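*Asks:* Here's a structure for you.
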Amino acid sequence: MFRQASYRRDSSSTSSPRLMLSRERRLWRRGIRYIAGVDEVGRGPLAGPVVAAAVIFPQQAWIPGVDDSKKLSPQLRERLFPEIQGAALSIGVGLVDHSQIDTLNIREASLLAMLQAIARLDLQPDYILVDGNHFRLSESIGIPFKAIIHGDARCFSIAAASIIAKVTRDRLMQQYHGQYPWYGFDRHKGYATPEHIRAIREFGLCEIHRRTFHVRELER
């Protein structure tokens, strides 16, 4: 699905490669070749899935502008998305929908999405760098990992994964807007904005709303 492509090094990025690549470079110097950055988006919305991505880059890859997806404009995320695809050795995406979120809870659903993303990589990672502090692997998988709080703002591979996950989820919510245009999913992407809450109170819940996120109370 994703091809290996050339990559760029550029010191003009607002994110410093010296800082953002520091963890990957330490691992590369130890002979660890395939490092997967992993992140998820969509934990907070009232509707839609949680989406995760895992990204493996060649050694010393650098794409100017890659940063925590929350810091970037939608236009910049869309521009960086194909650049990441082209530079990465492998990308995997995981998705857990609203019904599974209601069954599992959002914490477990987020973990499942990240595990799916790792499993869908074309390459077996030698090491995983993951955003947050609640990640875990089963002992049977046996891949070493490091969880990094605010990793999407501090680690290049995780930041790239955050962009892949965010753009993928935003595009899905845009599709849901076509099915349910009265909620404004194309604008708020399912988050609890005043516009979204007003729509829930006017139209009730639709199929993709998460019933365990107190949305029933918003209907009143």
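The values are calculated or read from the model by the stated rules, or taken from the named source; none is laboratory data. Bear in mind the structure is a predicted one, so any value in this text is a computation, not a measurement. When we count neighbours, we look across all protein chains shown, and the Cβ atoms used for this are built from the backbone with ideal geometry, even at glycine. Please note that ligands, DNA and RNA were not included when accessible areas were found on the heavy atoms of the full protein model with its side chains. Shrake-Rupley method; radii C 1.70, N 1.55, O 1.52, S 1.80 Å.
*Asks:* Using only Cα atoms, tell me the angle between helix 156-179 and the longest principal axis of the chain; keep it within 0 to 90° and round to the nearest 10.
*Replies:* Roughly 30 degrees, rounded to the nearest 10.
*Asks:* Between helix 194-203 and the chain, what is the angle of the helix's C-alpha long axis to the longest principal axis, kept within 0 to 90° and rounded to the nearest 10?
*Replies:* On a 0 to 90 degree scale, this one is about 40.
*Asks:* Same structure, new question: Just to verify a number: FRET efficiency for Gln100 and Thr193, C-beta to C-beta distance, R0 = 22 Å, to 0.05? Before the final figure, lay out the partial values.
*Replies:* On the way: r = 24 Å, r/R0 = 1.09.
Efficiency for this residue pair is about 0.40.
*Asks:* A further question follows. Where the centre of each part is set by its Cα atoms, how far does the range 15-32 sit from the range 40-65, in angstrom?
*Replies:* 18
*Asks:* Most mobile of Asp170, Asp39, Asp152 per a Gaussian network model of the chain (Cα springs, under 10 Å)?
*Replies:* It is Asp170.
*Asks:* Taking the range 26-143 on its own, what percent of its Cα-Cα pair distances exceed 18 Å? Provide the component values of the computation, followed by the final result.
*Replies:* Values: 3779 of 6903 pairs.
Looking at the range 26-143, the distances longer than 18 Å represent 55 percent of pairs.
*Asks:* Another question, if that's okay. Report, by chain and number, residues whose modeled amide H sits under 5 Å from the one on Ala47, excluding near sequence neighbours (fewer than 5 apart, same chain).
*Replies:* Arg210
*Asks:* Residue farthest toward the positive end of the dipole of the range 150-220, with Cβ of Lys/Arg at +1 and Asp/Glu at -1: which of Ala161, Gly204, Gly151?
*Replies:* Gly151
*Asks:* Quick one: in the chain, what % of C-alpha pairs are over 20 Å apart? Before the final figure, lay out the partial values.
*Replies:* Working: 13741 of 24090 pairs.
Across the chain, Cα pairs with separations above 20 Å total 57 percent.
*Asks:* If you take the Cα atoms of the range 108-209, find Rg, then find the Kirkwood Rh from the mean of 1/r over all pairs, what is Rg/Rh?
*Replies:* Working: Rg = 17.1 Å, Rh = 15.9 Å.
Checking Rg against Rh, the ratio lands at 1.08.
*Asks:* Grab the alpha carbons of the range 61-101, take their convex hull, and tell me the volume per residue in Å³. Before the final figure, lay out each step's value.
*Replies:* Details: hull volume 4.1 nm³, N = 41.
Per residue, the Cα convex hull of the range 61-101 comes to 100 Å³.
*Asks:* Expressed as an acute angle from 0 to 90° and rounded to the nearest 10, what is the orientation of the C-alpha long axis of helix 106-119 relative to the principal long axis of the chain?
*Replies:* The two axes meet at around 40 degrees.
*Asks:* Still on this model: Treating only the Cβ of Lys, Arg, Asp and Glu as charged (+1, +1, -1, -1), what charge dipole size does the chain show about its Cα centre? Round to the nearest 20 debye.
*Replies:* Working: 31 positive and 23 negative charges, 135 e Å.
Using Cβ point charges on Lys, Arg, Asp and Glu, the chain gives about 640 debye.
*Asks:* Any idea of the accessible area per residue across the chain, 1.4 Å probe, to the nearest Å²?
*Replies:* Values: 10450 Å² over 220 residues.
That works out to 47 Å² for each residue.
*Asks:* For the range 31-37, what does the Karplus curve 6.51 cos²θ - 1.76 cosθ + 1.60, with θ = phi - 60°, yield as ³J(HN,Hα) per residue in whole Hz, taken in order and with x for Gly and Pro?
*Replies:* Computed from phi, the couplings for the range 31-37 are x, 7, 8, 9, 10, 9, x Hz.
*Asks:* Once you place label points 7 Å from the Cα toward the Cβ at Leu205 and Ser16, how far apart are they in nm?
*Replies:* 4.8
*Asks:* Label His134 and Gln175 with points 7 Å out from Cα along Cα→Cβ: what is the distance between them in nm?
*Replies:* Calculated label separation equals 2.6 nm.
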